[in-house]
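Please read the structure below before turning to the comments.
We did not get these values from a lab; they are worked out from the coordinates using the rules stated. Since the model is a prediction, treat every value here as computed from it, not as a measurement. Please note: Cβ atoms are built from the backbone with ideal geometry, for glycine as well, and neighbour counts cover all protein chains shown.
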Amino acid sequence: MSLSAVKQFIRRSPLALPLRWLRSWLLVARTYYQTQQLNAQVQQLEQVLTLNAAQHHEAISKLEQALALNTAQHHEAINKQETEHHEAINKLETDLQQTTATLGHQINDVKRILYPSEHPFAWTAPAPCWQQNAESKLGKLADDLSPEQKAQAFYSYFSEMAPGHQQIRQQQYDLYAPTIKADSGLRFLDIGCGDGEFLSYLQTQNIAAVGIDIEPQEVERALAAGLTAVTASAQQFLSATEEQFCGISLLQVIEHLPPPDILPVLQQCVERLCPGGVLLLETINMRHPLAVNGFYTDPTHQKPLSDNYVSFLVQWLGLTGVQIIYNLPEQLPGIPDDDLTRIYSNYTVVAYKN
């Protein structure tokens, strides 16, 4: 029997009904199986889609967070740059204003130097009340003194003719105090002590001190203030004593000495210093434009001394650690700011015995 005849038998013959039923059941079973497989595939696809969607949302969330962070950082950076920019602009404006003001002052100074204004043929000014200032400080009228007393007291009154120098002296003394070997147990010697201003300062610092001066009236004022002072010249006192001192000062004194006496007096000072003792030499700074006027205001001044000369003298005498302290600033037009040696009215040479 051919294959087509078999197929016809199965489709039409009642005897082939079980076969047809079996065939139908197999078709149903195959369809069910294929449906199950399709459902499983659909579930897998749904799971994959769900997982991908979660990962996608997570990735989007991370991107949004990163974008928000970058945006915040970007705004912060912009704000910082703007702040720095404004600060830089403000600083430049301030510097420009200061430079303009300084330049304006300098231009005015140059104009005053190059194109001085016209002045009248004569100009009259009252003299300061020098004697009245001194009498107020000393508490006694000069006219109440006898001619002999007045002659002896001249320098006391002359030294007090300019008021208001106590605060300046206090600042200068504060510069000198750290240089003194205060724990040596030795006394300090102030040559040319006057009425004892520096001696009084040393007393407040618990530094024992003695002063000498050639003016008896000045020594009497120092003694009246409870200070230790002797009427004598530097040469007389230093030649007569064997005492060692922790320090010796000549404050506005060295210019009073005759030039031939300067080196011998300083030699005697070095001999009387203890090891580590300090020598203080204060005088008028000849580099300052007003030095000549200041120097010759006092008729007892002998010769102006430069800072180079005095600092060389102490080195020549074997002292070490030599420094020059420029003090009492008095700025004048025409003095360059980068030359500090010309701005100060005084200088002090500080040197130590090795």
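Let's see if you can work this out: charge +1 on each Lys and Arg Cβ, -1 on each Asp and Glu Cβ, no other charges. What is the dipole magnitude of the range 166-352 about its Cα centre, in debye to the nearest 20? Write down the numbers at each step before the final one.
Details: 8 positive and 21 negative charges, 46 e Å.
Here the range 166-352 has a charge dipole of around 220 debye.
Just going by the charge dipole of the chain, with Lys and Arg at +1 and Asp and Glu at -1 on Cβ, which of 268, 347, 156 is farthest out on the positive end?
After comparing all options, I get 347.
Counting only helical runs of four or more DSSP H residues, what would the 222 nm mean residue ellipticity of the chain come to if each run contributes -39,500 (n - 2.57) and the total is spread over all its residues?
Result for the chain, helices only: -18000 deg cm²/dmol.
Whole-Hz ³J(HN,Hα) for each residue in the range 243-251, computed from phi via Karplus 6.51 cos²θ - 1.76 cosθ + 1.60 with θ = phi - 60°, x for glycine and proline: what do you get?
5, 9, 10, 6, x, 9, 10, 10, 9
Taking the Cα centre of the chain as origin, work out the dipole magnitude from +1 charges on Lys and Arg Cβ and -1 charges on Asp and Glu Cβ, in debye rounded to 20.
My answer is approximately 4400 debye.
How compact is the range 166-352 by the rule of thumb for globular proteins, expressed as Cα Rg over 2.2 N^0.38 Å?
Values: Rg = 16.0 Å, N = 187, 2.2 N^0.38 = 16.1 Å.
Relative to the 2.2 N^0.38 Å estimate, the range 166-352 comes out at 1.00.
May I ask for the net charge around residue 344, where only other residues with Cβ less than 11 Å from the Cβ of residue 344 are counted and Lys, Arg are +1 while Asp, Glu are -1?
Result for the neighbourhood of residue 344: -1.
Restricting to bridges with both residues inside the chain, how much of the DSSP beta-bridge set is antiparallel, in percent to the nearest 5?
Here the share of antiparallel DSSP bridges comes out near 45 percent.
Can you put 154, 295 in order of Cβ neighbours within 10 angstrom, beginning with the fewest?
Least to most surrounded, the residues fall as 154, 295.
Express the relative contact order of the chain as a whole percentage, based on alpha carbon pairs under 8 Å and six or more residues apart in sequence.
10 percent
Which residue, 54, 151, 208, tops the fluctuation ranking in a GNM of the chain built on C-alpha contacts under 10 Å?
54
What list of ³J(HN,Hα) values in whole Hz, one per residue of the range 51-58 in order, does the Karplus curve 6.51 cos²θ - 1.76 cosθ + 1.60 (θ = phi - 60°) give from phi, with Gly and Pro shown as x?
Those phi angles translate into 4, 4, 5, 5, 4, 5, 5, 5 Hz.
How do 287, 169 rank when sorted from fewest to most other Cβ atoms within 10 Å of their own Cβ?
Lowest to highest Cβ neighbour count: 169, 287.
Per-residue counts of other Cβ atoms within 10 Å, averaged by peptide: what ranking do you get for 99-107, 185-193, highest first?
Ranked from most to least packed, the peptides come out as 185-193, 99-107.
At a 10 Å Cβ-Cβ cut-off, how would you order 95, 298, 307, 195, fewest neighbours first?
Final ranking by Cβ density, sparse to dense: 95, 298, 307, 195.
Compare the peptides 172-183, 70-81 by average per-residue count of other Cβ atoms within 10 angstrom and give them in order, highest first.
Descending packing order for the listed peptides: 172-183, 70-81.
How about residue 181: which aspartates and glutamates have a C-alpha closer than 20 Å to its C-alpha, ignoring those fewer than 8 places off in the same chain?
Within the straight-line limit of under 20 Å, residue 181 reaches these aspartates and glutamates: 190, 197, 242, 243, 271, 282.
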